[in-house]
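Reviewing the structure listed below.
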Amino acid sequence: MEDKPATSSIRTNLPQTAASVISAAPPAGLESLYNACRRHYPDQPNPLQVTALLKYWLGGPDPLDYISMYANAGDSEDGIPAHWHYITFGLSDLHGDGRVHQVTGSDSPSGFGFELTFRLKREPEDTAPPTWPAALMHALAKYVFQSENILYSGDHVSWHSSLDNSESRIQHMLMFTDPQLGTVQTPYGSVTFIQIVGVCSEELQAAQHWNGPGVIDLMKTVQGAGGHWLVTDMRRGETIFELDPQMQDAVDHGIEMEGSNLSGVSARCAWVEIDLAALDDGRLFGDSKSDTCSVPHITDEESNEIKAVLMKGLLNTKPVLPPIANKHINDM
């Protein structure tokens, strides 16, 4: 299936399009999230937005009510480049009346308990934020609504395609808590802002073989990988292991000491046709020289290695998000 931008049910208020600004009094849950954004962007009270034309509770296909897009100047002294900051509204309970999410108390997570954010490096020629991240965020939101799997800091998403459908090496995602927005309290519960971080295949594999939080911490220390805020640069052509070869040693050490936090098992299986008559008279397994069939087996050393790997994997039993195919973008 050919990938194409999902724009049929999304309206943007970029220049040359109809304006869509925050107007009227928003519901209490939405207002709480807006206030959290205003604290960091007081000079942008009416940010550019991507808006669902037909809201989800009215039968529309897009579960996110809005995606705001802010211009962030970054911090050159701290290695944080200027970037666009995308923030979703709709995975948490914005309305508190049961139209989308089950109503819960203020001491519980609001809706799914999180919203998504994304930081995209701003190129010098950019005059307005690109809208492809909105399609990406809608695709992830659809997955969450359909599967009810929640995204946590440290999770990874296998995408297997450039996030912007270009030739970029940034083809997968890691998740971590947005360094500015963190967690906020709303009248309908708590909401954690989970930031999408675009990564290369080698960085995804490191997270799978070790763990997401460990790779995230390493990325923060590598110059050119987005700084402490992990701004995604779609033009980044080198992995953190190419930018700093010592990173591979750090990952290898982490795997050796901690194992992987993936709760999965790989196995090799084989089938043989059994002679029931030979099984009845004990010839099948009793005679090691029998040519009736050859049963694959593993050595004691291989068995002990497998047990050791499994024990390391069981150190962390938190469920892991299953891979998401990029075909979801086409369903928007």
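The values are calculated or read from the model by the stated rules, or taken from the named source; none is laboratory data. Quantities reported herein were computed from a predicted structural model and do not represent experimental measurements. We place every Cβ from the backbone using ideal geometry, glycine too, and count neighbours over all the protein chains shown. Just so you know, the surface numbers come from the protein's heavy atoms only, side chains and all, with ligands and any DNA or RNA stripped out. Shrake-Rupley method; radii C 1.70, N 1.55, O 1.52, S 1.80 Å.
Laid out as a table, the results:
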{"item": "Qualifying residue in region 186-198 (condition: at pLDDT 95 or above and at positive phi)", "result": "yes"}
{"item": "Positions within region 69-81 being open to solvent by 10 Å² or more (accessible area, probe 1.4 Å) and touching a strand residue (DSSP E or B) at 6+ places or on another chain (Cβ under 7 Å), in sequence order", "result": "ALA71, ASN72, GLY74, PRO81"}
{"item": "So THR7, is it at pLDDT below 50 and open to solvent by less than 70 Å² (accessible area, probe 1.4 Å)", "result": "no"}
{"item": "Residue in region 39-47 that is buried (at least 18 other Cβ atoms within 10 Å of the Cβ), at pLDDT 90 or above and out of contact with any Lys or Arg (no Cβ under 8 Å at 6 or more places or on another chain) present", "result": "yes"}
{"item": "Tally, over region 82-140, of residues that are on the phi > 0 side of the Ramachandran plot and out of contact with any strand residue (DSSP E or B) (no Cβ under 8 Å at 6 or more places or on another chain)", "result": "2"}
{"item": "Any hit, region 183-196, residues being within 11 Å of the chain's Cα centre (by Cα) and of a type outside the set (S, T, N, Q)", "result": "yes"}
{"item": "Residue within region 209-223 that is closer than 23 Å to THR88 by Cα, under 14 Å from the mean Cα position of the chain (by Cα) and hydrophobic (A, V, I, L, M, F, W, C) present", "result": "yes"}
{"item": "Residue ID - farthest from LEU33 (Cα to Cα), chosen from residues in region 81-109 that are of a type in the set (Val, Ile, Thr) and either at pLDDT 95 or above or touching a helix residue (DSSP H, G or I) at 6+ places or on another chain (Cβ under 6 Å) (or both)", "result": "VAL100"}
{"item": "Members of region 145-159 found to be among the aliphatic types (A, V, I, L, M) and either surrounded by 19 or more Cβ atoms within 10 Å (Cβ to Cβ) or in a strand (DSSP E or B) (or both), listed by number", "result": "LEU151, VAL157"}
{"item": "The lone exception for THR221 - which of (1) farther than 29 Å from ALA28 by Cα; (2) open to solvent by 10 Å² or more (accessible area, probe 1.4 Å); (3) in contact with a helix residue (DSSP H, G or I) (Cβ under 8 Å, 6 or more places away or on another chain) it fails", "result": "(3)"}
{"item": "ALA134, sole failed condition from (1) out of contact with any Lys or Arg (no Cβ under 9 Å at 6 or more places or on another chain); (2) under 19 Å from ARG236 (Cα atoms); (3) of a type in the set (A, V, I, L, M, F, W, C)", "result": "(2)"}
{"item": "Residue among THR104, THR117, THR88 that is farther than 20 Å from VAL157 by Cβ, of a type in the set (Ser, Thr, Tyr) and surrounded by 15 or more Cβ atoms within 10 Å (Cβ to Cβ)", "result": "THR104"}
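Okay, residues lined up against (1) assigned to a helix (DSSP H, G or I); (2) modelled with pLDDT under 80; (3) under 38 Å from the mean Cα position of the chain (by Cα); (4) surrounded by 13 or more Cβ atoms within 10 Å (Cβ to Cβ):
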{"site": "ARG235", "(1), (2), (3), (4)": "no, no, yes, no"}
{"site": "GLU242", "(1), (2), (3), (4)": "yes, no, yes, yes"}
{"site": "GLN248", "(1), (2), (3), (4)": "yes, no, yes, yes"}
{"site": "ASP252", "(1), (2), (3), (4)": "yes, no, yes, yes"}
{"site": "ILE255", "(1), (2), (3), (4)": "yes, no, yes, yes"}
{"site": "GLY264", "(1), (2), (3), (4)": "no, yes, yes, no"}
{"site": "VAL272", "(1), (2), (3), (4)": "no, yes, no, no"}
{"site": "ALA277", "(1), (2), (3), (4)": "yes, yes, no, no"}
{"site": "SER290", "(1), (2), (3), (4)": "no, yes, no, yes"}
